[in-house]
C-alpha cells in the first residue's frame with residue numbers, strides 16, 4: 001500500500017504524522033486479505049485556511065476499480081484528520097460488507 005501525506009500553509013507537526021500512520025494501519029488491516037493490497041494508494045492532504053482558523057482535510061483511497069473521496073472541515077487540524085479518516089474507514093467497511101454479502105448470496109462464500 002502506497003501513501004502520501006501533504007501538510008500545507010502551516011508547519012509540519014509530528015502528532016499529525018503519527019495520527020496519519022495510525023489511521024493508515026487501521027485501513028491497511030481492513031483491506032489486508034484482498035488481492036489488490038499492493039495496488040491500493042492512500043492520499044491525505046491537510047490545508048489551513050490562511051484567513052481563518054479552520055483546517056480542511058482531504059483523504060482519497062484508490063482501489064483499482066473504485067475511489068473513495070472524503071473532505072472534512074474543522075477548527076483543529078487533528079480533529080479534521082480524525083474525522084476524515086473515520087468517515088473513510090466507514091465507507092470502506094460499508095463497501096466491504098456489501099461485497100461480502102453479495103458473494104454470500106451467490107453461494108461462493110460459506111457461512112462459518
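Can you tell me what share of the DSSP beta bridges in the chain is antiparallel? A percent to the nearest 5 is fine. The antiparallel fraction comes to roughly 70 percent. The relative contact order of the chain, computed from alpha carbon pairs under 8 Å that lie at least 6 residues apart in sequence, is 22 percent.
Taking a ≥ b ≥ c as the square roots of the eigenvalues of the alpha carbon gyration tensor, segment 2-103 is prolate, as a/c is not under 1.5 and a/b beats b/c.
A short reminder: the numbers here are calculations on the coordinates, not readings from a lab. Source: prediction; values computed, not measured.
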